[in-house]
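What follows is calculated from the coordinates using simple rules that are stated; it is not laboratory data. The structure displayed is predicted, hence computed values, not measured ones. Here the Cβ positions follow ideal geometry from the backbone for every residue, glycine too, while neighbour counts run over all protein chains shown.
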Amino acid sequence: MPLASDTVREITALRVRYPQPRSAILPCLWAVQNELGYLSAEGMEEVAAILDLAPSEVQAVSTFYSMYFAQPAGDHQLLICVNVSCALRGADAIVDHVQSRLGCPSGGTTGDGKFTWESTIECLGACGGAPAMQVNHHFHENLTPDRVDGLLERLRAEPRPSHANGQSVGHVAEALTVKAPSSGPHPPSAETPPAPNAEGPPADTGVSDPAFPAPELPLGEHTEMPGSRSKRSYTKRGSRSAPRKRPRPNAGDL
Amino acid sequence: MAADTTPPAAPEDGLVGITIDGRTARVAKGTLVTDASAILGIHIPVYCAHPKMDPVAVCRMCLVHVEKMPKLQPACATPVSEGMVVSTERADVAKTREGVLEFLLLNHPLDCPVCDRGGECDLQDFAFRYGPQASRFPITEKVHFNKAVPLSDRIELDQERCILCWRCTRYYDEITGEKELVLQERGVHTLVNTFEGKPLTSAFQGNLPEICPVGALTNRKYRFKARPWDLQRTKGVCPTCSYGCNINIDSRDFEIKRFASRDNPLVDDMWLCDRGRDSGPSWNNVERIRRPVLRDATGSREVSVSEAVAAAARSLREVRERHGPSSIAVLGSAENTNEEIWLLQRLARTALETPHLDHQLEAFPDIGPEEHALGIAEIEQCAAVIVLGDEPEREAPVLTLRLFKAQTKRGVAIRRVVAQATRSLVGELPAEGLIGLIADETNREHATALAGELSRSHQVRRMTVTRGVNGRGAKDLGMLPNSGPGYTAVDQAGKAGRHILEASAAGLITGLVVMGGSVWSASVTPLLERVAAALEVLVVIDTRPGPLSRAATVLIPGHAIFEKGGTVTNMEGRVQRVRPALPPATQTPSETRILSALAAELGAAGWPGDHLLINRELVTAVPAYARAGNGGRALFEAAVRA
Amino acid sequence: MGEHKLLTEHFGTEGLQTLAVYERVGGYQGLREALSRFTPETLIDEVKASGLRGRGGAGFPTGTKWGFLPKDVFPRYLCCNADESEPGCFKDRALIDENPHQLIEGLLIAAYALQVNTAFIYIRGEYHDQRLLLERCVEEARAAGHIGANVLGSGFSCDVIVHGGAGAYICGEETALIDSLEGYRGQPRLKPPFPALKGLYGKPTVVNNVETLSNLPHIVQRGGAWFKQLGTEKSAGTRLFCCSGHINRPGTYEIAMGTPIRELLEEECGGIWKDRSIKAFQPGGGSMQVLLPEHLDLPLDMDAVAQAGSSLGAGAMVFMDETTCMVNVSMRLVDFYHHESCGKCAPCREGTYFESDLMHRLEAGHLTLEELHTLADICDNMNGKCFCPLGDTATWFVMSAFKAFRDEFEAHCGAGACPVRTASAQLVTA
């Protein structure tokens, strides 16, 4: 399926933005992903043609970076940080909670295609507001299971965010997209961190806290992305870069 | 403090001194430590490093200790500097090698028994020599990838066996520029693949299994055919075109199992094209002429070779007596060795006394050595190279890789223009420097005209792509109606190849000697059939049957190029030896001995029959070949002048 | 000593992200002065005199780095490294979120000093909103004549391109960043040649961190000598420290170099949470070695922390309380490096995988003591053998933790579960 003319126009414009056209690969791939929700073979071929590259070169680049999808993803993408700073403040409990709420393991998409979620060991740069996650590239910090529930409810009512000119439209209540912590503690907001000395999420890692609500019934059948693993407390090998087996050549082509 | 703190003065000779494991050498500035160690006979194991590619230092196998460096250094990417002291024997180097091998084997499958690379696998060899005794990694945790992925009808990829040395992807980046194989994914999930797993289309795929240090890329045509220790290896020259790529002929049980490249930086630069590489095993299935045959109106009968030679001489003498010497013609081919050509042209000129001799069907009017002045490696020294049409690269595919190297690594401007270009190109060329002009031999006229024009403002050297493995040698040694050995003038010009055939068909020539004519293309078959029907005497010496051999009055089997010794000359004039890799498919002697015997029967006794003795004779007569020796270029006066 | 606001002075000012408000609080004065009072050469000298050292982690003197550019080779390029991905590090995000024009001004000052006509800001893909903000600010500055042809009428021209990454920690390594910016897989390049000679598009290139560049407007305005007297002899100026983990007030704090770490913990961060005691801390982000409570009295000084066996790195402080399982923390950091290994060199690609496997089994209590020694051995086989620092640093934390908490590591062996977690669960219920 050829790319929409808007996307082609955007890619063509990006081509001349840099001293050398090849530099535009990453933004061009963003344009494709913004339109299709993932990087299709045809999309990569079109980018290659416009940038005067071999399609293989585009795929070599696209698979290196963890934020490009090789398959269509759900309407809303949740990325939960489980690196040290978030883990010290209860990220594993958030992961367990999201998993039980969405009913599919990390790296999976809910059966209704609404959510794709993943726990990532890649630090998201929100350690000051740990535990944190990104929803459709927007930060949500100081998460608690209750807040996650509220967020999921609101997202469930939201359509897939639309993108234009690489600008994703913020769709969740603006207040939620908190600013990064400035000098000093976070400014008071809807997302104020737990007060000093308050019992936050447990600091220990890997155990579900009895204080957290028991998982409810999963919201739907889940589909599992290839390569996702769920046997450990979080995705050990990072399903975002898990091997996506490439198709073998068709014997008939030989 | 009077201590001399100035660094040692740069030596006059441009060499720098290095000590490796106590041995010292002086090597050229810029030499890599791996190369310096090779000079000193010290082995440093490498996977990613490759002599034809830029260093990347990714495998970390070659880490060595360099004095005054805080960390171990990759020998493959470290240039030698004056006074450098390197150790490859320290305990930390040994431990590092063991560690790297453990890492490389971590996710490597345990399928050596069924791996085609077994016996010539660097991973096996280095693991044996430098590796750990046992694995500490649980086998259940190995990362798995696709196995036995057919990338084309030639190449199979086992992504699991890959150690990610990047040689194949760099090959496609740096050597061919085709970018077919790339790295995908990252970290431990990194793999080599084509775009969406699409098949390879390159004309140079066969090099991939050779550069792969492990069994990840294997040759499907050689798959499960042999283990390397069962192969007999003979040095040879690829017989497919006139480029003269050096090869190793690997045979087993009297069959050619594969052609492997044999690096000659001046010619092939270690790359073979698939057409050439595939031609080796295909020889095993070629139909061969095995016995001498005499044929007359009453039918044909197999005879001994001496009977056949005597009959050939008798019938040729009869023709000469009846119709005169110019009723006889001699045709060689571009597949004959220099020694065969030498005897054949001598047979024509002195024993049969005919001016009609040639080696190809095309005519070469005004042929001169200046059209062969440019050497293959000299392409890299040109300021610009003009390639007329696509024939040169189609005929000699490896030329494409040399042009790409000249362009990307030496900054040579490559201009490909239509074959018949007559428009002025002067304005598009650099003002200074040597201009190379490459054309096919079917396009000599345009090349001559263009060279004439360019030489008014530039220094121009021409390269002409000849046909066959020895089309150039046949020309040099005078297997031409209009030029004697060494491009000397002849008293009387004879008929050229096609005219000889047409004259034969018309009954003007009644006796014909043909050696190796089976290589002529099918398009001349009707003419050959008419020739065969019209001739009184047709003496054919050939390896493979064809329209002429089937009608020959005297048929004598020949030895294929892999079955005999001699020399051949490539298109740039490089004289290279061929050696017998297989026993001949016939019990008759080689062509040179047959020609010598035939000359004796014709009254010219004493001609050498052994190719080494013939070679001695021809280098005495053609000084350019004496200067070329074995492996050098035959350069003729006129070429040097040009 | 203590908190000293320089880069963060105007943080929180309403509308600081707009050009108007930024200029109202004195913004772009530094650029004006740089263009009017300095030649490129004197500007480089001023930065050298300031003692500013890179804030990305390695701490290399900025002016010296600039001085490596070969003379008379143009074009040259400048890249702002905003690929902040070090575990525990979020100061660049704060600098961009709160005061994006300060960064752009610093970038333009550096571009003028280096005579660069095209400057890039390479920002990590996850900082999506920050990229949009920067793009908006660049457009605003361009419209005002601060970017583009003839910057502020000075005759100097500079374009700024904001370039978003797509998820790869390794692109924070300067040569990988250059490869990524050129449109390749972001993998480190062989050095030499160093970027100063052959960087972006094969041209002389300087890569500077967000915080480094954000310092420049202040150095230009107040002088290198003034800047140098802030902080310590060898660590001039202030630094932003990202504090996270088990503390009462996580956040970014701007501190004069030389302040004791304890002061940062007690006064800015509000101490360890839940009235617990500190078990360990990591002073420089995920790459750096663990330090113990006894090191709290060290000054925030690159050399002093280096002497204690760690590094201030990118200024990320992760504090861990007494309940923390050091094996679990090590496991996560090892997994991070395993996830982010670019796969270029064998020791890092395979070593991090091996490490990760061992750490997961150790954390679950299924490792033998012998295998624990295997872990130490493979770390030794990686450290110093990798292509770039990523593979080396993948061993630093786990090895330092193994050394400092050997009992804890050994207690995990064969325990069948995490003994620390079991113990702290008892502690909480008690």
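For region C:355-370, 3J(HN,Hα) computed residue by residue from phi via the Karplus equation (6.51, -1.76, 1.60; θ = phi - 60°) reads 4, 4, 4, 5, 5, 5, 6, 5, 4, 7, x, 10, 9, 8, 4, 4 Hz, glycine and proline entered as x. With K and R counted +1 and D and E -1, the other residues having a Cβ less than 12 Å from that of B:K225 yield a net charge of +2. Averaging sequence separations of C-alpha pairs under 8 Å and six or more residues apart, then dividing by the length of region C:19-229, give the relative contact order as a whole percent. Taking the mean separation of contacting Cα pairs over the length of region C:19-229, I get 32 percent.
Every Cα-Cα pair in region B:140-285 was counted, and those over 17 Å apart are 62% of them.
Model label sites at C:F68 and B:A310, defined 7 Å from Cα along the beta-carbon direction, differ in position by 8.7 nm.
On the basis of the beta-carbon distance and an R0 of 45 Å, B:L15 and B:R544 show a calculated FRET efficiency of 0.25. Stretching B:V418 away from B:E141 to a fully extended chain increases their span by 93.9 nm, per 0.36 nm per residue minus the current alpha-carbon distance. Computed from the C-beta positions of C:R37 and C:A308 and an R0 of 30 Å, the FRET efficiency is 0.15 to the nearest 0.05. Taking 27 Å as the limit for the C-alpha separation, the pairs C:K71/C:K191; C:K91/C:K228; C:K65/C:K403; B:K71/C:K198 exceed it in the case of C:K65/C:K403. Over the protein assembly as shown, DSSP H runs of length four or greater, each weighted -39,500 (n - 2.57), average out per residue to a 222 nm ellipticity of -9500 deg cm²/dmol. Would you mind classifying region A:5-62 by shape? Square roots of the alpha carbon gyration tensor eigenvalues, ordered a ≥ b ≥ c; an a/c under 1.5 is rounded, otherwise it is prolate if a/b is larger than b/c and oblate if not. Oblate, because a/c is 1.5 or more while a/b does not exceed b/c.
Shape of chain C from the C-alpha gyration tensor: prolate (a/c of 1.5 or more and a/b above b/c, with a ≥ b ≥ c the square roots of its eigenvalues). Considering only DSSP beta bridges with both partners in the protein assembly as shown, what is the antiparallel share in %, to the nearest 5? If we restrict to bridges inside the protein assembly as shown, about 55 percent are antiparallel. Kirkwood's formula applied to the C-alpha pairs of region C:238-321 gives a hydrodynamic radius of 12.2 angstrom. In this structure, the amide hydrogen of B:R574, modeled 1.01 Å from its nitrogen in the peptide plane, lies closer than 5 angstrom to those of B:A634, counting only residues at least 5 positions away or on a different chain. Start at zero, step by 20 Å, and the Cα-Cα distances of chain B spread as 17, 43, 30, 9, 1, 0 percent across the bins. Under 20 Å from a label point set 7 Å out along the Cα-to-Cβ vector of B:S87, the amide N atoms of region B:46-66 belong to B:61-66.
Relative contact order of chain C: 17 percent, from C-alpha pairs under 8 Å at least 6 residues apart in sequence. Other residues lying with their Cβ under 15 Å from the Cβ of C:E410 contribute a combined charge of -2, Lys and Arg counting +1, Asp and Glu -1.
Computed from phi, the 3J(HN,Hα) profile of region B:36-53 under the Karplus parametrisation 6.51, -1.76, 1.60 (θ = phi - 60°) reads 4, 5, 5, 4, 7, x, 10, 8, 10, x, 9, 10, 7, 5, 9, x, 9, 10 Hz, with x in place of Gly and Pro.
The radius of gyration of the Cα set in the protein assembly as shown, together with its Dmax, comes out at 37.5, 127 angstrom.
Note on B:E637 and C:R136: the model spin-label points, each 7 Å out from Cα along the C-beta direction, lie 8.5 nm apart. For the protein assembly as shown, a simple Cβ point-charge model (Lys and Arg +1, Asp and Glu -1, everything else neutral) yields a dipole of about 3380 debye relative to the Cα centre. Relative to the first principal axis of the alpha-carbon coordinates of chain C, what is the inclination of helix C:128-143, with its axis defined by its Cα atoms, in degrees from 0 to 90 and to the nearest 10? Compared with the principal axis, the helix lies near 10 degrees. Here each label is just a point 7 Å from Cα along the line to Cβ, and for C:E267 and C:A417 those points are 4.4 nm apart.
Ranked by the mean number of other Cβ atoms within 10 Å of their residues, highest first, the peptides B:512-518, B:502-508 come out as B:512-518, B:502-508.
Between C:H366 and B:R252, what's the calculated FRET efficiency when r is the beta-carbon distance and R0 is 41 Å? Round to 0.05. It comes to 0.20.
For chain B, the longest principal axis of the alpha carbon atoms and the long axis of helix B:444-454 meet at an angle near 60°.
The stretch between B:D54 and B:A449 holds 138.2 nm of extra length on full extension. This uses 0.36 nm per residue minus the Cα-Cα distance.
Among residues other than C:C242 with Cβ under 12 Å from its Cβ, the summed charge is -2 (Lys and Arg +1, Asp and Glu -1). Beta bridges per DSSP, both residues in region B:539-642: antiparallel share near 55 percent. Centre-to-centre, using Cα atoms only, region B:15-79 and region A:12-78 are separated by 39 Å.
Given their separation in residues at 0.36 nm each and the Cα-Cα distance between them, B:T525 and B:R291 gain 81.9 nm when the chain is fully extended. Of all DSSP bridge pairs formed entirely within chain B, close to 55 percent run antiparallel. A quarter of the convex hull surface defined by the alpha-carbon atoms of region C:189-232 gives 4.6 nm² as the mean projection. A protection proxy built from the mean count of other Cβ atoms within 10 Å ranks the segments B:154-160, A:7-13, B:99-105, B:201-207, most packed first, as B:99-105, B:154-160, B:201-207, A:7-13.
Relative contact order (percent) for chain B, with alpha-carbon contacts under 8 angstrom and 6 or more residues of separation? After rounding, I find 12 percent. The angle separating the long axis of helix C:40-50 from the principal Cα axis of greatest extent in chain C is about 40 degrees.
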